[in-house]
Every structure is written in C-alpha cells, then in structure tokens.
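The values are calculated or read from the model by the stated rules, or taken from the named source; none is laboratory data. No experiment lies behind these values; they were computed from the predicted model shown. In this analysis, Cβ positions are derived from the backbone assuming ideal geometry, glycine residues included, and neighbour counts consider all displayed protein chains.
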Amino acid sequence: MTQRMTRPKLTLQPIQPGEIGQATAMATVWNAACGADWMISPQFAASATRPPANGCQAGRLAVADGEPLGFVLASTRTAPPDGPTWGWLDGLAVTPAAQGQGIGRLLADWAEGWLAEQGCRTVQVGGGSRSLVTGLPTELESQPFFARRGYAKTPTEAEVWDMAANLAGYTPPADLPAIPGQVRPAHPGDAAALLDFVRRAFPDSWYPEVAEFLADGGRPSDFMLLWTERGVDGFCQLTFLDSRRPLNRFYPFRLPQPWGHLGPVGVSADRRGQGFGLALVDAGLRRLHNNGVNGCIIHGVSRPASLARFDFTPHRPYARLQKSL
Ligand SMILES: CC(C)(COP(=O)(O)OP(=O)(O)OC[C@H]1O[C@@H](n2cnc3c(N)ncnc32)[C@H](O)[C@@H]1OP(=O)(O)O)[C@@H](O)C(=O)NCCC(=O)NCCS
C-alpha cells in the first residue's frame, strides 16, 4: 500500500513585538538562510520587532506543522500630515529546505500589501531603523527574486558598502585640515545639546533614532560631539560591544576582535565641506583605537573612496533596491 503524502498547511502568524519565542524562530530561519557571516541572535531579532520610534511595523511568520519556515518584517515611518509614503522590507528569509516553493513570494506579497494599506507608495529592501540589513547583501544572491517582483536599484544610491579597517595601528591621516572647533566625547550633561542639534540638523533621519537610544538608557558617551563657537555643530555615534545599540546590526564577524562601529556622522548643513566631518571621523576612530577596538566597520557608505584616507577598504556591498507600490 502506498502512503499518500499530504503537504502540511502553511499559516502566516502575526509577529508580536519583542516576543522571544517568535524571535528565536526568526533567528533560526535567518541563520539557516543567510549563513554564519549574517548570524543574528534571538535578542537582536526581538529588538528588530519593536515598533520604530515614529512609525509602525508588522510581520508574519510562516509556519507548517509547528515548524517555522520563513518570516517577513515590514515597517513605515509616519510623516505627518500626510502619513507614510515610504516603507521598508526589514527582513525576509525562507529556510533553505523550504525555498523554491512560493513561500518567499507569499511573504513578500503580504508585506507589500500591508505597506500599501498604510499608504506607502515606495518600498525599499533594508535600510530602515528596524531593518536587519541596510540593503540587499550582494553575496546572498537573492537579487533575481526581487527583480522578478519589480524591484530595481535606486537611481541615486544603487549600491552602498560596509567599509572596514583594523584599528590596531590607527594613526590620524597626515593631511587632516585644522578646524575652528573641538571634538569631544559627550558627557551625560550634554544629552540635551546633542538632542537639540540632531532635531535641528537631521529631524527626519537621525533625530528619532538618537532620541530613542537615549530614552532607552543608551550612554551619551557613545557620541562624539563637535563643538564650535555656536555650540554643538556635529556628531558621530560609536558602537562598542557593551553599547545599547547592538553591534550585531553591523555583522562584524569576519573582522579581528574586539569589534566596534562608527556612524552615523553628521555636520550642520552650512558647515559641510570644511573638514569638520573628517575631524569627527578621526576623533571617533582614535577613541575606538584607544579603547582596544581592532575590527571596525563603517556601515552603509555610498562613496567608499571618501574613507580611503583612513585606510578603510570595502568589506561588503549591498544593493539598494526599491519598488513603487
Ligand atoms: C529570497 C528568498 C526569501 C526567496 O524565498 P523562496 O521561498 O525561495 O522564494 P519563492 O519560492 O517564493 O520564489 C519566487 C520566485 O522567485 C524565484 N527565485 C527565488 N529565489 C531566487 C534566486 N535566488 N534566484 C533566482 N530566482 C529566484 C523563484 O524561482 C520563483 O520564481 P517564479 O515566480 O517563476 O516561480 C530566499 O531565497 C532567502 O531566504 N534568501 C536568503 C535571505 C535573503 O536574501 N533575504 C533578503 C534580504 S532581507
């Protein structure tokens, strides 16, 4: 007698923010699909399911016979008064044994439908504040999946890079211009000045993230501040192993330990192009070096040549893919 094989029924379960059982399932699926260089911990997966500071997120876990086979996360940033126009596919993965059976398509269809319902007109792969990756990692070779769905490289920033250096022997570049200002680690008492600066200079991009980081108990001293005669005129953020922002976000695994990260770096609009940004990067790298950091990443850089003077070289590329909904 031949036994008839029945396919287990696939269900899409709503992902609950911070739920550790689902986060463990997401991490298991992601790690199997992406490999050791892209490993995420259940804790990092859970932190990626928190609603973004000024937006909303939703996700689905694909489960058959109690076994998680795939997941998707999508988020928007609410931009009053019109609501969101832009959304992110924060993460999508299907476990290798279940690939090629339409599960990725089902999850991506669900996420794009949810984003469209929120009012989004454009969706980008990665790069949001809750995204597992800053773009589509080229080495995962899944671009054809997205191309079939109508995604194309963004005209302005088709590719971004993680740049890396070993800071063990870091010395400042010889040609750093002198600046009329000073870069110093932020003290706890500088938190208000830092927040004022990012609210003024980067209201839509970094302000919500810095505000959330500090509200969550993140250390002000993870920031370097540029002080000029008018107060704070620039900042950069550092990430150490014990920082509130998880280093896992930057996938440093192939680099020599201890690991660290520098970025973002931002200077007031009217002070750009005068060497202030270089001074911030140099001061940040010196501090990481003095704290014993070796393998250092600077994440999501669109012009790799700009960091050559600091001996950073391209570590891995990402495609910035987007699609109109
Ligand atoms: C990308 C991924 C989610 C696709 O999942 P999947 O379940 O295998 O995809 P589906 O079976 O739904 O495939 C849908 C279509 O895309 C095609 N496709 C999927 N992956 C492909 C690939 N790597 N190359 C070429 N075509 C691919 C399928 O053949 C199918 O084509 P069809 O519409 O003609 O039938 C999966 O490969 C994966 O987990 N990759 C690693 C993680 C990743 O890269 N995530 C994206 C970053 S967030």
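Structure values in brief
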{"item": "Residue check, Arg249 in a helix (DSSP H, G or I), more than 19 Å from Leu176 (Cβ to Cβ) and outside the structural domain of Arg121 (by TED's automatic domain parsing)", "result": "yes"}
{"item": "Subset of segment 213-258 that is among the small types (Gly, Ala, Ser) and within 17 Å of Asp270 (Cα to Cα) - its residue that is surrounded by the fewest Cβ atoms within 10 Å (Cβ to Cβ)", "result": "Gly231"}
{"item": "Selected residue (only one of Leu238, Leu288 is in a strand (DSSP E or B), within 29 Å of Ala48 (Cβ to Cβ) and either acidic (Asp, Glu) or out of contact with any Phe, Trp or Tyr (no Cβ under 7 Å at 6 or more places or on another chain) (or both))", "result": "Leu238"}
{"item": "Residue check for Ala178: in a loop (DSSP other than H, G, I, E, B), free of Cβ contacts under 8 Å to residues at least 12 places away in the same chain and away from the ligand (no atom under 16 Å from the Cβ)", "result": "no"}
{"item": "The one condition in (1) modelled with pLDDT of 95 or more; (2) assigned to a loop (DSSP other than H, G, I, E, B); (3) at positive phi that Gly263 fails to fulfil", "result": "(2)"}
{"item": "Verdict on Thr138 being in contact (Cβ under 8 Å) with a residue 12 or more places away in the chain, farther than 27 Å from Val267 by Cα and among the β-branched types (Val, Ile, Thr)", "result": "yes"}
{"item": "The lone exception for Pro155 - which of (1) assigned by TED's automatic domain parsing to the domain that holds Gly55; (2) more than 8 Å from the ligand (Cβ to nearest atom) it fails", "result": "(1)"}
{"item": "Residue match in segment 224-233 (condition: in a helix (DSSP H, G or I) and either closer than 25 Å to Phe312 by Cα or outside the structural domain of His299 (by TED's automatic domain parsing) (or both))", "result": "no"}
{"item": "Elements of type strands (runs of 3 or more DSSP E) in segment 24-129, at least 3 residues being outside the structural domain of Pro264 (by TED's automatic domain parsing) and within 10 Å of the ligand (Cβ to nearest atom)", "result": "67-77, 86-94"}
{"item": "Residue check, Ala269 crowded, with 21+ Cβ neighbours inside 10 Å and in contact (Cβ under 8 Å) with a residue 60 or more places away in the chain", "result": "no"}
{"item": "Every pair of residues 6+ apart whose Cβ atoms lie under 6 Å, when the first sits in segment 86-108 and is among the polar types (S, T, N, Q) while the second is more than 7 Å from the ligand (Cβ to nearest atom) and not in a loop (DSSP other than H, G, I, E, B)", "result": "Thr95/Val29; Thr95/Ala32; Thr95/Leu69"}
